Amino acid sequence: MQPRIRQLKNSIQFDSFNEKKKAAILGFLILCLIVTVGIALAQGAYKIPLLDVYKTLLIHIIPWGETGSIEKIYSTIVWEIRLPRILLAIFVGIALSAAGGVYQGCFRNPLVEPYILGVSSGAAFGASLAIVIPSFYLSMQLSAFIFGCLAVFGAYLLARIKGETPIIMLILAGVIIGSIFSALVSILEYVATDAALREIVFWLMGGFYYTTWADIGLVVPFILISFGVIWIFSWKLNILSMGDEEARTLGVHPELYKGIFIVAATLMTAISVSAVGIIAWVGLMMPHAARMIMGPDHRFMLPAAAVMGAIYLIVCDTLARTLTSAEIPVGILTSVIGAPYLIYLIRSKGKFSFG
Amino acid sequence: MKKTTICMLMTGILMTGVLMGCVDTNENDTRDPNEYHTIIDMKGREVVIPKNISRVIDISDGFIASVMYHLGVQDKLVGLGSRNLHYIDRYDYTTLSGENYSYENGMNPVTYLYPQLKELPAVGQYGVAINYETVASLKPDIVIVRVGYCSLNTDEYGEEKDITRALDTLEALDIPIVILYGPPAFSNPTIENISTEIHIIGQIFNKENQSRILAEYLESIVNMIKRRTINISQQEKPTVLLFGLSPNARETGGAGDVLCTDTMESHFIEEIVNAKNAYQDTGGWKILSAEQILALNPDVIVLPTDWGYHPPRELYEAPYYKNLQELDAIKNQRVWALPYTPYNCAKRVEYPIELMIIAKASYPDLFEDIIFHDWVLRFYQKVYNVDEETAKDLRSIQWLDWTVNHDV
Amino acid sequence: MLRVENLTFGYVANVQVLENLSFQVTRGKLCGLFGPNGCGKSTLFKCCLKFLHTTGGAITIDGRDIRNISVRDLAKLVSYVPQEHKPPFPYLVKEVVLMGRTPHLGGVFGISAKDKKKAFDAMQLVGIDAFADTPYNQLSVGQRQLVIIARAVAQETNLMVLDEPTSALDFSNQVKVWRVLQRLSNGGRTIVACTHDPNHVMWFCDEVVMMGEKGIIATGSPQKILSEKTLNQIYKDVCRITKDNGMRMVYPSNIKHDSH
């Protein structure tokens, strides 16, 4: 082939870089999310006709909508009970999936979960402290958030040697800090009164049942901003995943950017845990699935994982509130539904995803 | 032509808007005083409820259902607070010599009397919040919540999260909710407030006379026991150990659970029966080792339901209790089992049965004239308005037949 | 191009691994950094790339003192190919090579068509453009090494530094890599490659910096520097050099060979 034509053909092939295709897939995933929200909004023990569900939603969203014109019970069920849960499921799904992807990238290991640095144990301790000592001046949610962040900060300080934080030290430090906080939680459980103990167990099981619009207003901005920061720097996450030394030589300061990513991911995880308790598996599975569909380029993988996480949590929470007459803790469902999926992932495409 | 179409369209939209505005089902101002009355619940709230109630959700472990059965209105139940009233239990035991025996068909008396309870959906469960959509879908006339039952917390956060949430959501759903405080909601254990709970339930169903009879009957037993034991001096009081033979306690290396002085059962022992709790410490239910139990060496042992039913025979003959055989209470055969009462966090209507057993175990002479297995039949008859045959069945399903065999 | 003056470094306070090292690398040459295991080659490397903080001395790259330089600016001066690279995720070859453009990217997602073209050119230059769409964890070790080299090429730096680029490769792949390095240096780049194989230095390098346990033994062209005397300084009487048709080769002494 003539050199010039060959060069042209190659440059066309190179220009596409699959980016348009990936953007299209992302768009499709977002469409799936919207459809899932629409379906989930119509599910529930209290039967409301489909059209009334969407009419209620519309009237509340439109600023000049006459909310007095629909039945009060529809408003309560759709707008006060179902919709906040669905929204929180979306954002917690985004937070946990993106945090999982970020940790996997920073730690160069696809088996890492957002809780690896001890944030869940720290948050559990914070919540338990507030429950067992009623005069504790922090609210339970705030206490869970602060101690979750403190745990990660502690792990980071513990792992720091001469201005660097080697990955293996970070993971070990996370395990140590996590088990220290777990032990403290056990002590609190032991000295707690029966009522307080019950409350701690409730909290650890996790769930979306208490979601109100106030929670949404608190949690969503945190998650949106953290995710935004992560996404803007997502190319640098690709570089970081090459290792600290190679990242440095490619112009990305490893300590600075690892710090930014870990802080953002930790904030997202801590606020999620403080709002809904400990929901496992999502942060591990969704980045895997996204990597399989989108490839490992974090610019596309992270939003894909986020959307998939949102869809997954909506499905799990909808099942949690409709499968039986009472509620089911959503953590049980994410594990039960998630485990076989992860087994399938490993068996069918494991060697590609695990690098 | 075009103008007409537009006019018709506008009129159509206008009419729809007007019609939509008319579909307002708020009845706040149009309550007919002949159909509604107001009661005051234990949280001090004024609740407006219909005079004729046909659909009730009972958020408790059966206490409300039991009282409703006494009042004859149990068929109005459409939903329960947990699945605990669905269960029929069986336990198997082995002895040191390898023999096996079992107890079958254990259940809450109201489950036996009204089996339809097993079909009713549960709107809550331990570890999760109440499912309000299920509550709404059952279209109840009233929801009665008993704070302190096993699935609803009573501490500060429970109060704030569960109760406030229940109040807000049910009010938004236009469903009347009545809050009762079971004994765990009070900082010191006391049994008197159960009468208040019974009164309020009676008010809800316009059967205040009947509910008063029930409350007074239960109180009379308490008073009778108090009267008989009031003059016992310190030295004469026997030490009574409330010993829960929980398998979980054994797994963590203890011998069993011991109930401290801040529990309701200990309150029964010390304030009503006027005996002494062998374990003088606070902390709810604590795990103690065999050595610690031997050091306490109580005069009397009472076995509550604790992760299963535990007859005296288990303590006498189980292989894992052979280290305790030197206890005085075991050597003198002064071990008594309380009736089978799972999910007893907030005390049931049958709490006087527990009182009577503790009384007879502590002071057999003072209560010699009361033949328990006969007395308990009268109890069931009075509380549940049943005949003697049914009362005998109830005695069996609470696993109290051993009192017949031992003739106590 | 690369000038090191009086470099001093120790991992632990009183134990100096490198003491007062000085040498220079001429622009546009392929320079071999040669020495036995444990002499401090890798440490020297890491100091030049600012992985380690030196306790004394100065390092200048392309006329700039690198002591106070930012990470990004340093990445525009020198690129790095590690000895071993474990792929964490299945990036495509073209994605990996594109990563080399990072120091030059601007803005939020600043990957432009120009960056992509340069990445493509790099792949062509190194000879791996046939693999552009393959996940790089599926390649052999040798091919993967070429991908990392292409990434360094795409980085468009005047100095390229490689840490034992051929230690893990078979003979044919070793030759392939060295030929690529020669081609790159002929195009104007300065290349410093760490190696402990004297023959590679002999056959492929324009210059050599020879290190021993006490520091730098000699610098200069391999023809002048590599002799039996200098080699036996560091390898203790193991090496012989033969010359055949103008080509010199190092071989071990006391080997059984055909006598004629």
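Every read-out reported here was derived from the displayed coordinates using simple, explicitly stated rules and does not represent laboratory data. Computed from a predicted model, the values in this text were never measured in an experiment. In this analysis, Cβ positions are derived from the backbone assuming ideal geometry, glycine residues included, and neighbour counts consider all displayed protein chains.
In table form, for the structure just shown:
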{"item": "The stretch A:24-86: chymotrypsin sites (Phe, Trp or Tyr not before Pro) falling in loop per DSSP and having at most 16 other Cβ within 10 Å", "result": "A:Trp64"}
{"item": "Lys/Arg +1, Asp/Glu -1 at C-beta; the stretch B:36-216 dipole; positive extreme among B:Thr169, B:Ala129, B:Ile53", "result": "B:Ile53"}
{"item": "Expected-Rg normalisation [2.2 N^0.38 Å, Cα atoms] applied to the stretch A:154-241", "result": "1.54"}
{"item": "Dipole magnitude (debye, nearest 20) for the stretch B:36-216, charges at Cβ of Lys, Arg, Asp, Glu", "result": "460 debye"}
{"item": "Measure of compaction for the stretch C:84-157 (Cα Rg per 2.2 N^0.38 Å)", "result": "1.02"}
{"item": "Bins of 5 Å, starting at 0 and running to the largest distance - Cα pair percent for the stretch B:299-408", "result": "2, 11, 21, 24, 20, 13, 6, 2, 1, 0"}
{"item": "Linear extension gain, B:Thr190 paired with B:Glu171, 0.36 nm per residue minus alpha-carbon span", "result": "3.8 nm"}
{"item": "Cβ-based exposure ranking for B:Asp75, B:Asp32, B:Asp306, B:Asp299, in which fewest neighbours within 10 Å come first", "result": "B:Asp32, B:Asp75, B:Asp299, B:Asp306"}
{"item": "Amide H partners (placed H, <5 Å) of B:Asn277, local residues excluded", "result": "B:Val240"}
{"item": "Charge sum, other residues only, whose C-beta stays under 12 Å from B:Asn84's C-beta, Lys/Arg counted +1 and Asp/Glu -1", "result": "0"}
{"item": "Only Lys, Arg (+1) and Asp, Glu (-1) charged, at Cβ; the stretch C:84-157 dipole about Cα centre in debye", "result": "100 debye"}
{"item": "Within a Gaussian network of chain B (alpha carbon springs, distance under 10 Å), most fluctuating of B:Ala275, B:Ala329, B:Ala295", "result": "B:Ala295"}
{"item": "Set of aspartates and glutamates near A:Lys47 by C-alpha distance (under 14 Å), chain-local residues within fewer than 8 positions excluded", "result": "A:Glu71, B:Glu133"}
{"item": "Cα shape, chain A, gyration tensor, a/c 1.5 rule", "result": "oblate"}
{"item": "Part-to-part distance (alpha-carbon centres) for the stretch C:106-181 and the stretch C:188-223, which is given in Å", "result": "23 Å"}
{"item": "Cα gyration tensor category, rounded, prolate or oblate, for the stretch C:120-176 with a/c compared to 1.5", "result": "oblate"}
{"item": "Positive-end extreme of charge dipole, the stretch C:84-157 - chosen from C:Leu98, C:Ala132, C:Gln145 (charges on Cβ)", "result": "C:Leu98"}
{"item": "Karplus-derived 3J(HN,Hα), 6.51/-1.76/1.60, for each residue of the stretch C:116-127, Hz, glycine and proline x", "result": "5, 5, 5, 4, 5, 4, 4, 4, 5, 4, 7, x"}
{"item": "Farthest toward positive dipole pole in the protein assembly as shown [+1 Lys/Arg, -1 Asp/Glu at C-beta], among B:Ile142, A:Gly44, B:Leu120", "result": "A:Gly44"}
{"item": "Residues with amide H under 5 Å from that of B:Gly256, placed H, sequence gap 5 or more", "result": "B:Leu288"}
{"item": "R0 of 51 Å, Cβ-Cβ distance C:Trp203-A:Leu224: FRET efficiency to nearest 0.05", "result": "0.30"}
{"item": "Tensor-based shape of chain C (alpha-carbon gyration tensor, a/c under 1.5 rounded, otherwise prolate or oblate)", "result": "oblate"}
{"item": "For chain B, average projected area of the Cα convex hull in nm²", "result": "25.9 nm²"}
{"item": "³J(HN,Hα) computed for each position of the stretch B:131-144 - Karplus, 6.51 cos²θ - 1.76 cosθ + 1.60, integer Hz, glycine/proline x", "result": "8, 6, 5, 4, 4, 5, 5, 7, 6, x, 7, 7, 10, 10"}
{"item": "Cα-based reach from C:Lys256 at 24 Å (exclusive), listing lysines while leaving out same-chain residues under 8 positions away", "result": "C:Lys229, C:Lys236, C:Lys243"}
{"item": "C:Thr134 long-range amide H proximity, modeled H, under 5 Å", "result": "C:Val93, C:Lys94"}
{"item": "The stretch C:43-57 - phi-based ³J(HN,Hα) in whole Hz, Karplus 6.51/-1.76/1.60, Gly and Pro as x", "result": "5, 4, 3, 5, 5, 5, 8, 6, 6, 10, 9, 6, 9, x, x"}
{"item": "Per-pair calculated FRET efficiency, R0 = 35 Å: A:Val191 and B:Trp402 via Cβ, rounded to 0.05", "result": "0.40"}
{"item": "Computed log₁₀ I(q)/I(0) - Debye formula, equal Cα scatterers, no solvent, the stretch B:231-370, q 0.12, 0.21 Å⁻¹", "result": "-0.42, -1.43"}
{"item": "Full-stretch length increase - B:Glu35, B:Glu388 - with 0.36 nm per residue and alpha-carbon distance subtracted", "result": "123.2 nm"}
{"item": "Equivalent-ellipsoid semi-axes of the stretch C:1-151, from the Cα gyration tensor, Å, largest first", "result": "32, 19, 14"}
{"item": "Pairs from A:Lys20/A:Lys236; C:Lys94/C:Lys116; A:Lys258/C:Lys41; B:Lys118/B:Lys207; A:Lys258/C:Lys118 whose Cα-Cα separation, in the structure shown, is over 18 Å", "result": "A:Lys20/A:Lys236; A:Lys258/C:Lys41; B:Lys118/B:Lys207; A:Lys258/C:Lys118"}
{"item": "Of the GluC sites (Glu not before Pro) in the stretch C:151-220, those whose Cβ has at most 14 other Cβ within 10 Å and which sit in DSSP loop", "result": "C:Glu213"}
{"item": "The protein assembly as shown - convex hull of the alpha-carbon atoms, volume per residue in Å³", "result": "262 Å³"}
{"item": "Point-to-point label distance, A:Asn18-C:Asp244, nm (Cα→Cβ direction, 7 Å offset)", "result": "4.7 nm"}
{"item": "Evaluated at q = 0.15 Å⁻¹: base-10 log I(q)/I(0), Debye formula over Cα of the stretch B:36-216", "result": "-0.86"}
{"item": "Sequence-separation-based contact order of chain C, relative, with Cα cut under 8 Å and 6+ spacing, percent", "result": "25 percent"}
{"item": "Residues C:Val12 and A:Ser139, FRET efficiency given R0 of 56 Å [Cβ-Cβ distance, rounded to 0.05]", "result": "0.70"}
{"item": "Percent of Cα-Cα distances greater than 20 Å, calculated over the stretch C:118-260", "result": "54 percent"}
{"item": "Share of Cα-Cα pairs in the stretch B:27-96 lying beyond 13 Å, as whole percent", "result": "76 percent"}
